[in-house]
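Down below is the structure, laid out as structure tokens.
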Amino acid sequence: MHCPYPRRCAFTPRSDNLQRFRRSRAALAIWTTMGAACLALLPVDAQAQSGPPGGMPPGGMPPGGMPPGAPRMPRPPRPLELEDLLRLVAKQHRSADADRNGFLTLIEIRGQIGAAAEAAVRSRFQTIDTNRNGALEYDEFAAWQNAMGSLVLSDVAAASIGRDMIPETLPFETDADMRGDMLRMLVEPVGATTIVQSDANYDGQVDLVELQQYQRRKFDRLDANRDGLLEMMELPRPGPGGPPPQLPPGMAPPTPTDAD
């Protein structure tokens, strides 16, 4: 059959195609080898500078492991010792022992909490009573309400103006560092519930040993190897919602009724 398009019907023999493919592959291999050899001859600084932005700095990684000026991760605090917790609890017991007889009672603790609550209420009242006549008028209360909006229904938010909250426990102080944070996670403020639960012999009063035995229970539970040390990583982490709001020691968060 005669083809009307002789140029399109022409083809190269199979052997010629195979030879051309082999020559192309050989040339590609030669160029690849030459490129690798040239790259190996470049100095290290030139290779580093030719890298993408944000890569390793010229000269490689410095001896310290981080480039100069880069932010460094904070060092974890040294392990928390059981003695650290016991010393804090001893200070806590001494501060709450108002009559200095070596024992804590419900009447003693409630009296101190009541006095602190009275001072907080009085301070908040004085904040609202702008004309200092000892009585709350509608205009004064409305001005205080409008200054805060709906947040006034929360005890935490209401205290943000007067800087006073109604305490339910006795506050205690720790160092303002990571070790202090660890201690605040392990030790609870002294309140009525603390007195009832730490009264091991049910005599209606709590001595130092009883309070220390009660306050160390979290430490003992987390100290799995019983070496008397706790690392920061051994403490429980906050849940998916993140850590709760940090309140001053001894201050209780608002109840659901207060927040509604």
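Filtered by the rule that a residue be modelled with pLDDT under 90 and part of a loop (DSSP other than H, G, I, E, B), the stretch 159-169 gives Arg163, Asp164, Met165, Ile166, Glu168. Whenever a residue of the stretch 99-121 is closer than 15 Å to Thr169 by Cβ, its partners that are loosely packed, with under 12 Cβ neighbours inside 10 Å and of a type in the set (D, E, K, R), lying with C-beta atoms within less than 8 angstrom and at least six residues away or across chains, give the pairs Glu108/Asp99. Of all residues in the stretch 222-237, those that are under 18 Å from Asp181 (Cβ atoms) have Cβ atoms under 6 Å from Cβ atoms of residues that are of a type outside the set (A, V, I, L, M, F, W, C) and loosely packed, with under 14 Cβ neighbours inside 10 Å, 6 or more apart or on another chain, in Met232/Pro76. Restricting the stretch 87-97 to residues that are of a type in the set (A, V, I, L, M, F, W, C) and buried (at least 16 other Cβ atoms within 10 Å of the Cβ), the residue that is nearest to Arg217 (Cα to Cα) is Val89. Close Cβ contacts (under 8 Å, 6 or more residues apart or on different chains) running from residues in the stretch 133-158 that are modelled with pLDDT of 65 or more to residues that are open to solvent by less than 30 Å² (accessible area, probe 1.4 Å) and among the aliphatic types (A, V, I, L, M) comprise Leu136/Ile128; Glu140/Ile128; Phe141/Ile128; Trp144/Ile128; Trp144/Val152; Gln145/Val152; Met148/Ala157; Met148/Ala158.
Looking at the structure I just gave you, is Arg124 basic (Lys, Arg), assigned to a helix (DSSP H, G or I) and modelled with pLDDT under 75?
No: the conditions fail for Arg124.
Condition check ((1) part of a loop (DSSP other than H, G, I, E, B); (2) at pLDDT below 90; (3) surrounded by 14 or more Cβ atoms within 10 Å (Cβ to Cβ)) across all residues:
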| residue | (1), (2), (3) |
| --- | --- |
| Met182 | no, yes, yes |
| Thr193 | no, no, no |
| Val196 | no, no, no |
| Tyr202 | yes, no, no |
| Tyr214 | no, no, yes |
| Lys218 | no, no, yes |
| Arg226 | yes, yes, no |
| Pro238 | yes, yes, no |
| Pro244 | yes, yes, no |
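Just wondering, is there one or more residues in the stretch 170-180 that are more than 16 Å from Asp84 (Cβ to Cβ) and either in a helix (DSSP H, G or I) or at pLDDT 85 or above (or both)?
So far as the stretch 170-180 goes, yes, one or more of its residues are more than 16 Å from Asp84 (Cβ to Cβ) and either in a helix (DSSP H, G or I) or at pLDDT 85 or above (or both).
Quick check, is Arg78 modelled with pLDDT of 70 or more and over 32 Å from the mean Cα position of the chain (by Cα)? No, not satisfied.
The values are calculated or read from the model by the stated rules, or taken from the named source; none is laboratory data. This one's a predicted model, so the numbers in the text were calculated from it and none came from an experiment. Cβ sites come from the backbone with ideal geometry, for glycine too, and all protein chains shown count toward neighbours. Calculation scope for accessible area: heavy atoms of the full protein, side chains included, ligands and nucleic acids excluded. Shrake-Rupley method; radii C 1.70, N 1.55, O 1.52, S 1.80 Å.
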